[in-house]
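Just so it is clear, none of the values below were taken in a lab; they were calculated from the coordinates. Predicted model only: the values in this text are computed from it and were never measured. Cβ placement follows ideal geometry from the backbone for every residue including glycine, while neighbour counts extend to all protein chains displayed.
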Amino acid sequence: MPDSVLNDFKRLIALRHANPALVYGDFTQLCPENKNVVCYKRTLDGNTFFVELNLTGKLQNRPYDPVGFERLYSNYHDHRDVLMPFEANVYLAEGEAKA
């Protein structure tokens, strides 16, 4: 099943293994005051990744606009102006990602 939780985890693990910045990159938390949304960036060797996670079962405003970023992973197919319940996204902000 392509949209299963297992396949989501496989995709995330493959993305993490292929892009060392997601593991070893410098970590910058971007919205520490927001208890409902986690967003941060990781940077290594010219590659910057932006991650946003909605930790709630409710719609949340996006603390940052990922305009111009390449979305590499999402558990939702459509991009909206708000984060959907429990939405998780990984973007390439700068550099080159590996699949």
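Taking the chain as a Gaussian network of alpha-carbon nodes connected by springs under 10 Å, the highest mean-square fluctuation of the residues Glu33, Glu70, Glu87 belongs to Glu33.
Just to be sure I understand: with springs between alpha-carbon atoms less than 10 Å apart, which residue in Tyr73, Tyr40, Tyr24 has the highest mean-square fluctuation in the Gaussian network model of the chain? Top of the fluctuation ranking is Tyr24.
Each helix, a run of at least 4 DSSP H residues, gives -39500 (n - 2.57); summed and divided by the residues of the chain, these come to -5000 deg cm²/dmol at 222 nm.
Count Lys and Arg as plus one, Asp and Glu as minus one, and take only other residues whose Cβ is under 14 Å from that of Asn61; the net charge is then -1.
Taking the inverse of the mean reciprocal distance over all distinct Cα pairs, the Kirkwood hydrodynamic radius of region 1-88 comes to 13.9 Å. Across all directions, the shadow cast by the convex hull of region 45-95 built on its C-alpha atoms averages 3.5 square nanometres.
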